[in-house]
Amino acid sequence: MSISESKLTKYYVLRASSALAGALPRTRPFSKRALYDYLHRYRKVIAKPASGSGGAGVILISSRGNSSYRVQRGANRRNVSSKSSAYRYLRNKIKTRYLVQKGISLARVNGRPFDVRVMVQRHPGSHWVVTGMLAKVAGRGYIITNVKRSGGRVLPLRTAIARASIRSASTDAIITRLRRIALLAARRLATYYTKQLEFGLDMGIDVNGKVWIIEATFVPISLCFSSSQTNRCTAPSSATSEQPNRNMPCQAIPLMRISHALLTSGMNTEAYEKREAAVIGSLFLFC
């Protein structure tokens, strides 16, 4: 019997781990009661589709004090005077199953929130490895970090952390936490989703340097190398192939191979991170 791949199921799988529970913002199926409860407990609440990706349909409800709230969807904001007004607004916008989630006060670069996409992969029978980490910065006026949808951008992770006003944590300490939690999450998910060879984790860093898991995705997050003249593959056409397939249209190449190619090119860490960000950011397939 297969286990559901819904966001809520993956949240429950991760939440059941004592090592990960503290890194997961509380999440519940959307309902009037759940919304009211979260608005009472947290200053920020996220409402988002129970399925899907790319930041589509994400709504932020923020407390303004005096029982009033600001509701933001995309770059559009409106103020409402009560919890019931916020609920009515959401009910008018929501057409599918939704979740409510504790909002995180994400660290910001130039006033814009950013999160971190972490790619974790393995070959069959091997250990999990973090093969890519990049910061996704929201576009001006947006709360979502999807590059296409918000007009944001991708930055090397170290660059984003260095530019952010994060208190009480060094860049190296934050990156170490991200790697540790991402690997714990991959191992935990793999005990239920046993055939999965890669996970994409959307992770957050709050203003105090705490690391959060926003959600996990199973959609292959990969890149494509192609010749500008022939548009043919210049790297193996599958995760297990050892030889390039130059006779087929360019296909997705796992990040593990990209990371290996960049790391073996002789680049230092800073140059590697900048090059990795440029490759991924130019294709918009990592976001």
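The values are calculated or read from the model by the stated rules, or taken from the named source; none is laboratory data. Just so you know, these numbers come straight off a predicted model, no measurement behind them. No Cβ is skipped: glycine too gets one built from the backbone with ideal geometry, and neighbour counts run over all protein chains shown.
On the stretch given as region 94-107, residues that are within 10 Å of ILE59 (Cα to Cα) and exposed (fewer than 13 other Cβ atoms within 10 Å of the Cβ) total 0.
Evaluation of ALA56 against the conditions (1) exposed (fewer than 13 other Cβ atoms within 10 Å of the Cβ); (2) in contact (Cβ under 8 Å) with a residue 60 or more places away in the chain; (3) not assigned by TED's automatic domain parsing to the domain that holds SER85 shows that the sole unmet condition is (3). Within region 19-41, how many residues turn out to be assigned to a loop (DSSP other than H, G, I, E, B) and farther than 19 Å from MET203 by Cβ? Residues meeting the conditions: 2. Here ALA190, ALA186 are screened, and the one residue that is buried (at least 22 other Cβ atoms within 10 Å of the Cβ) and farther than 22 Å from ARG73 by Cα is ALA186.
Taken together, the residues in region 174-187 that are touching a helix residue (DSSP H, G or I) at 6+ places or on another chain (Cβ under 8 Å) and under 10 Å from ALA19 (Cα atoms) amount to 2. State all residues of region 126-142 that are farther than 18 Å from ILE161 by Cα and either surrounded by 23 or more Cβ atoms within 10 Å (Cβ to Cβ) or touching a Pro at 6+ places or on another chain (Cβ under 9 Å) (or both); if no residue qualifies, say none. Within region 126-142, THR131, TYR142 qualify.
Being closer than 19 Å to TRP212 by Cβ and surrounded by fewer than 18 Cβ atoms within 10 Å (Cβ to Cβ) is the filter here, so list the residues in region 21-49 that pass it. Selection gives ALA21, GLY22, ARG26, ARG28, ARG41, ARG43.
Only one of the numbered conditions (1) under 16 Å from the mean Cα position of the chain (by Cα); (2) free of Cβ contacts under 8 Å to residues at least 40 places away in the same chain is violated by SER85, and that is (1). The set of residues in region 68-103 being of a type in the set (Val, Ile, Thr) and either in a strand (DSSP E or B) or touching a Pro at 6+ places or on another chain (Cβ under 6 Å) (or both) consists of VAL71, VAL80, THR96, VAL100. Among the residues of region 32-53, the one identified as among the polar types (S, T, N, Q) and either in the same structural domain as TRP212 (by TED's automatic domain parsing) or in contact (Cβ under 8 Å) with a residue 60 or more places away in the chain (or both) is SER53.
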